[in-house]
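Engineer: I have a structure I would like to understand better, so I am pasting it below and will then ask my questions one at a time.
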Amino acid sequence: MIKNMPPQVSADETSVLLELVEQSLARAGDVVELGCYRGDTSLLLERLLERQAPEKRLWLYDSFEGLPSKTAADASAAGEAFKPGELLVSKREVVERFKKAGLKVPRIKKGWFEDLAEENLPEQICFAFLDGDLYRSIKVSLQLVEGRVVNGGVIVVHDYNNPELPGVAKAVDEWLATHKKARLNVRASLAILTV
Ligand SMILES: C[S@@+](CC[C@H](N)C(=O)[O-])C[C@H]1O[C@@H](n2cnc3c(N)ncnc32)[C@H](O)[C@@H]1O
């Protein structure tokens, strides 16, 4: 397990993300992050919501058991560090970080994305941040949010351009091939999908 893991989302990507979230706030629905890890981005999302759209809720999802196993689609010599169980934090650590920051604790669901039930997700989503790193995780995340993202809402998938995590682009490209109305725009390593 790698200690002192650096932030998973770069400063540039974070500023793009926050700009996109702000733009989505005029739409109905809540904000979700699938793959929140220790909550670095989640804290910023919650702070933004509390300042600009306090009626909206943030919903977070993670196994809190670290990454699942890779599939063949994720194979990459460069991505050796992304092992099963890597990026493990507890839900309690994330809750404590919100409390310490003086922010409301979001809805946090512990579990594998594959096992989430209908009622674990908001009915309407204005902004979805998908950051599960691996092919199957992104594929399932897209399936979970696609019917809930409101017209004009945005889905952002992290690591689209990351050679360490080739499964992410494969999952996004397969999804785009079957969702012809969706539009892809890439900024840094973010795939920005408007539906
Ligand atoms: C790169 S980290 C997320 C980083 C976070 N979004 C941030 O901005 O700091 C990826 C997270 O996705 C979670 N994850 C990946 N696949 C998952 C799955 N299938 N079900 C549940 N959690 C998953 C891992 O546990 C890990 O915490």
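The values are calculated or read from the model by the stated rules, or taken from the named source; none is laboratory data. Remember, it's a predicted structure, so these values are computed and weren't measured experimentally. Using ideal geometry, Cβ is built from the backbone for each residue, glycine included, and neighbour counts are taken over all protein chains shown.
Engineer: For ILE108, all conditions in the list (1) among the aliphatic types (A, V, I, L, M); (2) part of a strand (DSSP E or B); (3) near the ligand (Cβ under 9 Å from one of its atoms) hold save one; what is the number of the exception?
Structural biologist: (3)
Engineer: Considering only the stretch 152-185, state which residues are among the β-branched types (Val, Ile, Thr) and either in contact with a helix residue (DSSP H, G or I) (Cβ under 9 Å, 6 or more places away or on another chain) or modelled with pLDDT under 95 (or both).
Structural biologist: Result: VAL154, ILE155, VAL156, VAL157, VAL168, VAL172.
Engineer: Here's a check for you: in the stretch 49-92, which residue that is acidic (Asp, Glu) and surrounded by 13 or more Cβ atoms within 10 Å (Cβ to Cβ) is nearest to the ligand (Cβ to nearest atom)?
Structural biologist: Taking the candidates together, the pick is ASP62.
Engineer: Let me ask something else. All but one of (1) among the small types (Gly, Ala, Ser); (2) touching a Leu at 6+ places or on another chain (Cβ under 8 Å); (3) at pLDDT 95 or above hold for SER24, so report the exception by its number.
Structural biologist: (2)
Engineer: Could I ask something else about it? With respect to SER42, is the statement that it is surrounded by fewer than 17 Cβ atoms within 10 Å (Cβ to Cβ), at negative phi, within 15 Å of the ligand (Cβ to nearest atom) and touching a residue at least 12 places away in the same chain (Cβ under 8 Å) true?
Structural biologist: Answer is no for this residue.
Engineer: Just one of the numbered conditions (1) under 21 Å from ALA191 (Cβ atoms); (2) touching a helix residue (DSSP H, G or I) at 6+ places or on another chain (Cβ under 7 Å); (3) away from the ligand (no atom under 15 Å from the Cβ) is not true of VAL32; which one?
Structural biologist: (3) is the only condition that VAL32 fails.
Engineer: Among the residues of the stretch 169-178, is any crowded, with 17+ Cβ neighbours inside 10 Å, free of Cβ contacts under 8 Å to residues at least 24 places away in the same chain and within 16 Å of the ligand (Cβ to nearest atom)?
Structural biologist: Yes, the stretch 169-178 contains at least one residue that is crowded, with 17+ Cβ neighbours inside 10 Å, free of Cβ contacts under 8 Å to residues at least 24 places away in the same chain and within 16 Å of the ligand (Cβ to nearest atom).
Engineer: Given the conditions (1) part of a helix (DSSP H, G or I); (2) within 15 Å of LEU58 (Cβ to Cβ); (3) more than 15 Å from the ligand (Cβ to nearest atom), and given that CYS126 satisfies all but one, which numbered condition is not satisfied?
Structural biologist: Here CYS126 meets the rest and fails (1).
Engineer: Which of the residues spanning the stretch 136-157 are in contact (Cβ under 8 Å) with a residue 40 or more places away in the chain, surrounded by 23 or more Cβ atoms within 10 Å (Cβ to Cβ) and not in a strand (DSSP E or B)?
Structural biologist: Within the stretch 136-157, SER137, SER141 qualify.
Engineer: Kindly establish whether PRO84 is under 28 Å from ASP173 (Cα atoms), out of contact with any helix residue (DSSP H, G or I) (no Cβ under 8 Å at 6 or more places or on another chain) and assigned to a loop (DSSP other than H, G, I, E, B).
Structural biologist: yes
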